[in-house]
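Have a look at the structure below, then the notes.
The values are calculated or read from the model by the stated rules, or taken from the named source; none is laboratory data. On a predicted model such as this, the values are computed, not experimentally measured, just so you know. Using ideal geometry, Cβ is built from the backbone for each residue, glycine included, and neighbour counts are taken over all protein chains shown. All accessible areas refer to the heavy atoms of the entire protein, side chains included, with ligands and DNA or RNA removed. Shrake-Rupley method; radii C 1.70, N 1.55, O 1.52, S 1.80 Å.
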Amino acid sequence: MDVARRLCGGASTTDTPIGPVVIGISLGFTLSLLSVTWVEEPCDADSKSGDEVVLAQEGNLKGARRPNSISTGNGENGDIEEDFEPRIVPYKPVKQSQPKKLFRAKYISTELGIRERLFVGVLTSKNTINTLAVAVNRTISHHLDSVVFFTGMRNRKIPHGMFVVTHGDERLIWNMFQTVKYVLEHYIGEYDWFYLVQDDTYTEADRLKSLVGHLSIDRSLYMGSPEEFIGGEPQGRYCYGGFGYLLSRTLLLRLKPFLENCRNDILSARPDEWLGRCIIDYANTNCVDEHEGLQYYHFEMGKNSDPNKEENVNFKNALAVHPVSDPEQMYRLHKHFTEIELQRTYSEIEKLQAEIKNVSEVAFDGNRSAHWPIGINPPFEPKTRFEVLRWEYFTEDQVYSCTDGSPKCELRGVDKADVTDVIETAMGELNKKYKPILHLKKQQLINGYRRFDPTRGMEYTLDLQLEVVSQKGRSRSITKRVHLVRPLSQIEIIPMPYVTEATRVHIILPMTVHDRQYISQFFQVYADNFFETSENAVLTFLFIYDPFEAQQVNQNDIFGDVKAKINAYERKYPTVKIPWISVKTEAPSQIKIMDIISKKHPVDTLFFVASVNTNVNSEFLNRCRMNSINSWQVFFPIHFQDYNPDIAYHNQQPPVNIDLLKDSGHFDRGVFDEACFYNSDYMATRTRMASDVQENEEILETLDVYDMFIKYSSLHVFRAVEPALHQKYRYQACNPRLSEEVYHRCVQSNLESLGSRSQLAMLLFEQEQGNST
């Protein structure tokens, strides 16, 4: 206590040293600082930190303990721990803005960024667009996907089948600038490589495609025939325009921001020099003729050079040949290079065939696993007797399988050309095989067989009588059998003009006095299918009077009842108008009738020539629209003809609706009365026929519209069976005034429409049985 008092009082008489005390206090203070965690605590209990205040307000609590604070379990802090309870805070979703509509590209290639490989631009002019440019188009357009012709000015008429871009100015530098600008604006996102060439240059399209197919698309490449600038400037080399040049998409994109600068700053007399200077200055890329081991071959033609006599290696491997003086030389070059590529293809095929043959040696079945000819599909193997393919027998002059059912007929037309080509091919292959030891000459074709195998093509077996001549001049006659096959090529899509099902069809219904009894049935079916549904079709009647009937028309109109029915249907359907035309003629020729109809309708009218006993429906009219293509194709459907019900349903009640069955009818291939065609096509064909009509007017009666289109038109004649075109049975009155062929077809149609062979045979059998009793 004394010590304590002395310390507190601050006075002492004892001489105690103070140094150890100070040292002890300092050491204790230091150790306490090291053992305590520093936390910024408020000195006053009412003073809360910022975070704690927020927690207390939101949670409506007194406070919240920090994780590193120590609770004593009593006092105020202890109460806070005991009163703390969790609270569920309700979820309030965040309002999201309206999502933007996702744009989907029309084509998958666009969305995935897939581009075509090659774009070709041909630089032409007003003077050469109809000559050299046409020759370029004919030699490369069917090998390349996109060929565009660029010209300053052009004639009023553009050559058919060419896409031409006109810049409106003949200045060469301006045209080059506009061409590059047009490519950047319209094609830069669609192609990887851009090839620009003049129209006096022949381009071997397949080699060009092969070159770009081996080049990397991410390189800034300027490829062609390098030339030095005028004056020998050492700064770079440009690509000479005569041999064409290849530009990568990457290079053009680099050049795009500076194209206007090139137009304003670079002066040059030649467009290829101007473009080369622009690429060198702003894209820092020089022209090269070799890249990654790939060579840009080109050849300069002499004035009187003959492609067939040119032996230069560069010429044989050339991708571009320049200059070409005229279209004829362009075609000769194309023929020469096509023959070279064809021979290379044949050589590759032979190598592949030899490789297949060698591999087949170690196959399980040996050589039998390699079908002849190697690389062609194996022959069709029938599973039943009905699937066996029939061989057709022929000689050099006749074929023993005719379309009209005759046992034999003359070999002519495409069949004659086919047989001649097969024999010549057989002789060529035989001489190739046995030369120079033997020389073979054809004496005659003894036997010939052919059949069409849908899995591989047309097969031939020929028995040839040959004269064999040896090297010593000795000869003898032998018989040699050879087998040949004309293989099917790959399936290709043929471009067809666009057609629509919205075209209005004008149905022309010719009527004679013999057709009156069928008009009620026709009107009933037609009204249900068209008047009730407002089909886009117009029905026009053509009443055919002979001279005597025409004189009596005011007193006794043979078509009075029909005209009355027309008026009745027009009253029943107020929106329907049924026009009719009257014609007086002794011989109702189909061409003469159509001449009258054609003059009364616009040029773009689509006609369907029908008959009174035809059941027409919307399904057929849609096919009429699709199969009739203006300036391209005419459609002649083959209707289904019912058999005579007295024979087909002998001693039975005929059904109300007759289906397409073997014993109910047949497709009448001998009748050509129904037809779909455009008026413009009819008028054009009729014009070509005019000169022959002046010499012989009888052909207007001897020919029908079908024969006219075949003989005087270059249009496709589409002849096909039409299940939606159904005709009830009726006996046709054949007019003997028409041509013998037309009259014979009419009689033949009547006979074939009586019934099937089994039905006719059964009827004859019953009659003979009745006569015998």
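Laid out as a table, the results:
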quantity	calculated
Residue check, R207 charged (D, E, K, R) and closer than 24 Å to T124 by Cβ	yes
Single residue of S713, S691 found to be open to solvent by 30 Å² or more (accessible area, probe 1.4 Å) and of a type in the set (S, T, Y)	S691
Spans of strands (runs of 3 or more DSSP E) in segment 639-730 with at least 1 residues modelled with pLDDT of 90 or more and under 30 Å from P602 (Cβ atoms)	675-678, 716-727
Hits in segment 463-474 - residues which are assigned to a strand (DSSP E or B) and either touching an Asp or Glu at 6+ places or on another chain (Cβ under 9 Å) or over 19 Å from E429 (Cβ atoms) (or both)	S470
Among the residues listed as I446, I478, I493, the single one being modelled with pLDDT under 90, farther than 20 Å from P373 by Cα and either of a type in the set (V, I, T) or in contact with a Phe, Trp or Tyr (Cβ under 9 Å, 6 or more places away or on another chain) (or both)	I493
Residue within segment 350-365 that is surrounded by 11 or more Cβ atoms within 10 Å (Cβ to Cβ), over 30 Å from Q748 (Cβ atoms) and among the aromatic types (F, W, Y) present	no
Residues that are touching a residue at least 12 places away in the same chain (Cβ under 8 Å) and either open to solvent by less than 10 Å² (accessible area, probe 1.4 Å) or farther than 15 Å from D668 by Cβ (or both), drawn from segment 641-654	Q641, D642, P645, I647, H650
Positions within segment 565-598 being in contact with a strand residue (DSSP E or B) (Cβ under 9 Å, 6 or more places away or on another chain), part of a helix (DSSP H, G or I) and open to solvent by 60 Å² or more (accessible area, probe 1.4 Å), in sequence order	K592
In segment 426-462, residue most open to solvent (accessible area, probe 1.4 Å) [restricted to those that are basic (K, R), assigned to a strand (DSSP E or B) and over 22 Å from K472 (Cα atoms)]	R451
Subset of segment 158-175 that is outside any loop (DSSP other than H, G, I, E, B) and out of contact with any Lys or Arg (no Cβ under 9 Å at 6 or more places or on another chain) - its residue that is farthest from N137 (Cα to Cα)	N175
Checking G405 against (1) open to solvent by less than 40 Å² (accessible area, probe 1.4 Å); (2) under 30 Å from E752 (Cβ atoms); (3) of a type outside the set (D, E), the condition it does not meet	(1)
One residue from F522, F548, F530, F541 being at pLDDT below 85 and either open to solvent by less than 50 Å² (accessible area, probe 1.4 Å) or assigned to a helix (DSSP H, G or I) (or both)	F548
Filtered residues of segment 240-285 (kept if in a loop (DSSP other than H, G, I, E, B) and among the β-branched types (V, I, T))	I266, T285
Qualifying position, being open to solvent by less than 10 Å² (accessible area, probe 1.4 Å) and of a type in the set (S, T, Y), among S631, S664	S664
